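Contents: one structure, followed by commentary.
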Amino acid sequence: MKTLKDHQIIYDDECPLCNAYTSAFVKNGMLAQNGRMPYKTYVDANEYNIDLQKSKNQIALINIKTGEATYGLDSMLKIIEHRYPFVKTLFSIKFIYWFFTKLYSFISYNRKVIAPAKLTAHTCYPDFNIKYRIAFLFFCWVVSCIILQQYAALFHFQHYPKYLEAFLLLLQMPNQYFFMKNKKKEAVLNYFGHLFFISFFGCVLLLPVLIFNNYFILPFQIILYYFFAVLLVLIIIHIKRVALLELNTRLCFSWIAFRLLLLAYILLTNYI
């Protein structure tokens, strides 16, 4: 096994994905046992000269001997290519390199929405990027709409407007903006990122029922109770995130009221 020696990767230890892949590099011998260091530890030690702000957005890989640093996707490729040289040939294709660079940035700039952390002086918190935040909102919206539409079909509603899920998810924004109108655009879009990710996460939790129902027809009660259980989980997550972001707690009440009123309307129009 070829290990990239004399290199150390500076990672965000509060990011589950960053933790996972940097740990995998070490466990698989692609980096030495001391080949990774949490960003907070690095800032305290200040052993090497890197662009700290850039390393918040793109993970830094440092050559300990020369002090040379690479960032982002290039850091990961340098590690992988050392073990698997054919990867260098693959990523020499411009479209592939471009696509994975954009994918890397998409995840990196939104990682604190996916796995939130309290902002402190030494938190590896990425810059706000409006382009990738809007792309993230759109991604969560599209995936959530598709899954919700499939789950709604399990209830066999007689009166259920087409594309209702798409409109309901979008209606969250003006409903919640009422309590955010005095905030800066960055804070509003940051909260919307959390809001849409919560909806996306809830839809992912609905997938087991959708998959299982393809093989065994589930009773209506299980489908309904599971949906309410997921809704309860999302309410708890939303409350915790609003507290973490130090936002107005009225956002929790308005979000819960909005969802419950819409749910009541759907049930009343179909079963009463």
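The values are calculated or read from the model by the stated rules, or taken from the named source; none is laboratory data. The model shown is predicted, which means the values in this text are computed figures rather than measured ones. Heads up, the Cβs are rebuilt from the backbone with ideal geometry, glycines too, and the neighbour counts pull from every protein chain shown.
Would you say Gln58 is more than 16 Å from Asp6 (Cα to Cα), surrounded by fewer than 16 Cβ atoms within 10 Å (Cβ to Cβ) and not charged (D, E, K, R)?
Here the answer is no, as Gln58 does not meet what is asked.
Condition check: closer than 21 Å to Lys131 by Cβ and buried (at least 19 other Cβ atoms within 10 Å of the Cβ). Does Ser105 satisfy that?
Against the criterion (closer than 21 Å to Lys131 by Cβ and buried (at least 19 other Cβ atoms within 10 Å of the Cβ)), Ser105 qualifies.
Within the range 167-184, is there a residue that is at pLDDT 85 or above, under 22 Å from Ala117 (Cβ atoms) and of a type in the set (Ser, Thr, Tyr)?
no
Just checking, which of Thr66, Thr41 is more than 24 Å from Lys102 (Cα to Cα), more than 26 Å from the chain's Cα centre (by Cα) and either surrounded by 17 or more Cβ atoms within 10 Å (Cβ to Cβ) or of a type in the set (Ser, Thr, Tyr) (or both)?
Thr66
Quick check on my filter: what residues within the range 233-272 are of a type in the set (D, E, K, R) and either over 23 Å from Val188 (Cα atoms) or loosely packed, with under 11 Cβ neighbours inside 10 Å (or both)?
Across the range 233-272, the qualifying residue is only Glu246.
Looking only at residues that are touching a residue at least 60 places away in the same chain (Cβ under 8 Å) and aliphatic (A, V, I, L, M) in the range 212-232, which one is surrounded by the most Cβ atoms within 10 Å (Cβ to Cβ)?
Ranking the candidates gives Ile223 first.
For Ile239, are the conditions met, namely being assigned to a helix (DSSP H, G or I) and in contact with a Cys (Cβ under 6 Å, 6 or more places away or on another chain)?
Judged against the criteria, Ile239 is a match.
For the range 11-20, check the following and say yes or no: at least one residue is of a type in the set (Ser, Thr, Tyr), surrounded by fewer than 18 Cβ atoms within 10 Å (Cβ to Cβ) and either without any contact (Cβ under 8 Å) to a residue 12 or more places away in the chain or under 23 Å from Ser105 (Cβ atoms) (or both).
No; the residues of the range 11-20 include none that is of a type in the set (Ser, Thr, Tyr), surrounded by fewer than 18 Cβ atoms within 10 Å (Cβ to Cβ) and either without any contact (Cβ under 8 Å) to a residue 12 or more places away in the chain or under 23 Å from Ser105 (Cβ atoms) (or both).
Right, Ile235: within 20 Å of the chain's Cα centre (by Cα) and either in the same structural domain as Gly193 (by TED's automatic domain parsing) or in contact (Cβ under 8 Å) with a residue 24 or more places away in the chain (or both) or not?
Yes; evaluated as a whole, the condition is true for this residue.
Considering Phe179, Phe196, which residue is surrounded by 14 or more Cβ atoms within 10 Å (Cβ to Cβ) and touching a Cys at 6+ places or on another chain (Cβ under 9 Å)?
Going through Phe179, Phe196 in turn, the sole match is Phe196.
Of the conditions (1) in a helix (DSSP H, G or I); (2) at pLDDT below 90, Tyr215 fails just one. Which one is it?
In the conditions (1) in a helix (DSSP H, G or I); (2) at pLDDT below 90, Tyr215 misses (1) alone.
Report, by residue number, each residue of the range 2-25 that is closer than 17 Å to Glu81 by Cβ and touching a strand residue (DSSP E or B) at 6+ places or on another chain (Cβ under 9 Å).
Passing the criteria: Thr3, Leu4, Lys5, Asp6, His7, Ile9, Tyr21, Thr22, Phe25.
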